[in-house]
Amino acid sequence: MLATKRILLIIGGGIAAYKALDLIRRLRERGASVTPVLTRAGAEFVTPLSVSALAGEKVFGDLFDLTDEAEMGHIELSRSADLIVVAPATADLMAKMAGGQADDLASTLLLATDTPVLVAPAMNVRMWQHAATQRNIATLNADGIGFVGPNEGDMACGEFGPGRMAEPLEIVAAAEAALSGGPLVGKRVLVTSGPTHEPIDPVRYIANRSSGAQGTAIARALAALGAEVVFVTGPADVEPPEGVEVIRVQSARDMMEAVKAALPADAAVFAAAVADWRIKSASDSKLKKTKHGLPALEFEENPDILATVSLLQDGRPGLVVGFAAETDDVIVNATAKRDRKACDWIVANDVSPATGIMGGSENDVTLITDAGAEDWPRMSKAEVAAKLSARIAKALA
Ligand code: C5P
């Protein structure tokens, strides 16, 4: 998807600039050409020599480099690319973009361009959360600027929170999506995945055998079609895909909260294997063996996330897709589940041990909609994901 594409990479001034070096490699590995622009502050973090050596091209640094007729003018430079990537995008650079300022080469290019722009913000958590930055983000969103990240985590400044630049492979995936102009560009889709862990005490929990493979494949396939994907995952065996917003949760109640916070969305796919029950009062300290034998565990019901979202009066996604993992009477049970949970579609599958589906790489599903039950041939989970995503794109078109 990136082969022969021309990327103009603007490297802003932040400690995350070192990741831009790896980003250049990753983009070139996929056949893209990278024309680098290093801001004055960016050059304090990485040298023009490293950047040009990796890009295999001259580094543009200063607006006045371009006054020579023999050089490429800034207008041409800004328009000769298929995509402009700003990584890291500092709070200052984003403020300039939002305000339409053009006082150096990077900001001038961003104002002069008519090509799509993808920014990968990186800054201290307080700077990210500041009302001014949030205002600028809203403006940039409204201007059609694409975002990848920031991620949450430990920061170079010693604080923790949102503000870490997305990893190079996430930026690559977002660049691919931006260039693919897929049918889900501009659509926001929520995907839940994986098992949940319901605590018994600080060291023990109740779980299930879900690997998260099908939900992860669906999130990846939706992102590849250009969707902005919010991926709410329990503690799964497989790594979340690149290029999606990942929200990690443990219990069903955490998942419910994360899902509510992630709405609104155009569509929601509930592929998680949510525990139906939790321990009524999980112990704060480790349960000990007693001479009275096993401690009695009292259960209470978890919220049904799929049903809750399907029944929302306000802010229900336009398309809600549930899953039904059954061991017998798959279609009858799944059809009843679709009615009971008020979702639009149910992806039903037989998870009897003999099928090898739970934890395996293939799936055998029946899609249940208001038009009836549609049996799909057995195929890989990635193919199920691609087929389902294409159907979602058609439904949202
Ligand atoms: O009732 P059952 O667990 O078989 O329903 C499966 C569907 O409901 C899946 O889409 C699953 O993600 C969703 N679900 C949920 N919250 C629960 C239980 C199931 O969202 N507490």
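Scalar couplings 3J(HN,Hα) for the stretch 330-347, obtained by applying the Karplus form with A = 6.51, B = -1.76, C = 1.60 to θ = phi - 60°, are 3, 5, 4, 5, 5, 5, 5, 5, 4, 5, 4, 8, 6, 8, 7, 10, 10, 9 Hz; x denotes Gly and Pro.
Normalised by 2.2 N^0.38 Å, where N is the number of residues, the C-alpha radius of gyration of the chain stands at 1.12. For the pair Ser352 and Lys260, a Förster radius of 22 Å applied to the C-beta separation gives a FRET efficiency near 0.05, rounded to the nearest 0.05.
Take Arg278, Arg25, Arg340 and sort them by solvent-accessible surface of the protein heavy atoms, 1.4 Å probe, largest at the top. All intermediate terms of the calculation are to be shown ahead of the outcome.
Numbers: Arg278 30, Arg25 110, Arg340 155 Å².
Order by accessible area, largest first: Arg340, Arg25, Arg278.
Could you tell me the relative contact order of the chain? Use alpha-carbon pairs under 8 Å, at least six residues apart, and round to a whole percent.
Details: 855 pairs, mean separation 44.3, N = 397.
Reported relative contact order: 11 percent.
Where does the charge balance sit around Val384 when Lys and Arg score +1, Asp and Glu -1, over other residues with C-beta under 10 Å from its C-beta? Taking every Cβ under 10 Å from that of Val384, the sum is 0.
If eta is 1.002 mPa s and T is 20 °C, what Stokes-Einstein diffusion coefficient results for the stretch 6-180, Kirkwood Rh from Cα pairs, in µm²/s?
Working: Rh = 15.9 Å.
Roughly 135 µm²/s, to the nearest whole number.
The amide H of Ile10, built 1.01 Å from its N in the peptide plane, has Val37, Val85, Val86, Ala87 as neighbours under 5 Å, considering only residues 5 or more places off or on other chains. The modelled label-to-label distance between Ala336 and Trp277, using points 7 Å beyond Cα along the C-beta direction, is 1.9 nm. Looking at the chain, the DSSP beta bridges with both ends there are about 30 percent antiparallel.
With q set to 0.22 Å⁻¹, the log10 of I(q)/I(0) for the stretch 190-306, from the Debye formula over equal scatterers at the Cα positions, is -1.15.
Karplus-derived 3J(HN,Hα) values for the stretch 38-53, using 6.51 cos²θ - 1.76 cosθ + 1.60 with θ = phi - 60°, are 10, 6, 4, 5, x, 5, 6, 9, 10, 8, x, 5, 4, 5, 6, 5 Hz; glycine and proline are entered as x. Dividing the summed -39500 (n - 2.57) terms of all DSSP H runs of n ≥ 4 by the residue count of the chain sets its mean residue ellipticity at 222 nm at -9500 deg cm²/dmol.
Per 0.36 nm of contour for each residue apart, how much would the distance between Ser380 and Ala395 grow if the chain were fully extended, relative to their Cα-Cα spacing? Can you show the working numbers first?
Details: separation 15, 0.36 × 15 = 5.40 nm, distance 2.27 nm.
Taking Ser380 through Ala395 to full extension adds about 3.1 nm, to one decimal.
For the stretch 188-396, the average shadow cast by the Cα convex hull is 12.5 nm², which is a quarter of the hull's surface. Our coupling estimate for the stretch 16-21, obtained by passing each phi through the Karplus curve with A = 6.51, B = -1.76, C = 1.60 and θ = phi - 60°, is 5, 4, 5, 6, 5, 5 Hz, Gly and Pro reported as x. Measuring against 22 Å, Cα to Cα, the residue pairs Lys187/Lys394; Lys96/Lys260; Lys19/Lys187; Lys187/Lys341; Lys187/Lys260 contain Lys96/Lys260; Lys19/Lys187; Lys187/Lys341 as the ones spanning a longer distance. The label-point distance for Asp114 and Gln101, in a model that sets each label 7 Å from Cα toward Cβ, rounds to 2.7 nm. Among beta bridges identified by DSSP and lying wholly in the stretch 188-396, the antiparallel ones come to about 40 percent. Here the simple spin-label model places points 7 Å from the Cα toward Cβ, and for Phe299 and Leu287 these points are separated by 1.3 nm.
The values are calculated or read from the model by the stated rules, or taken from the named source; none is laboratory data. Only a predicted model underlies this, so the values are computations on that prediction, with no experimental measurement involved. With ideal geometry, Cβ positions are generated from the backbone for all residues, glycine too; neighbour counts draw on all protein chains shown. Quick note on the areas: whole protein, heavy atoms, side chains included, nothing else; ligands and nucleic acids left out. Shrake-Rupley method; radii C 1.70, N 1.55, O 1.52, S 1.80 Å.
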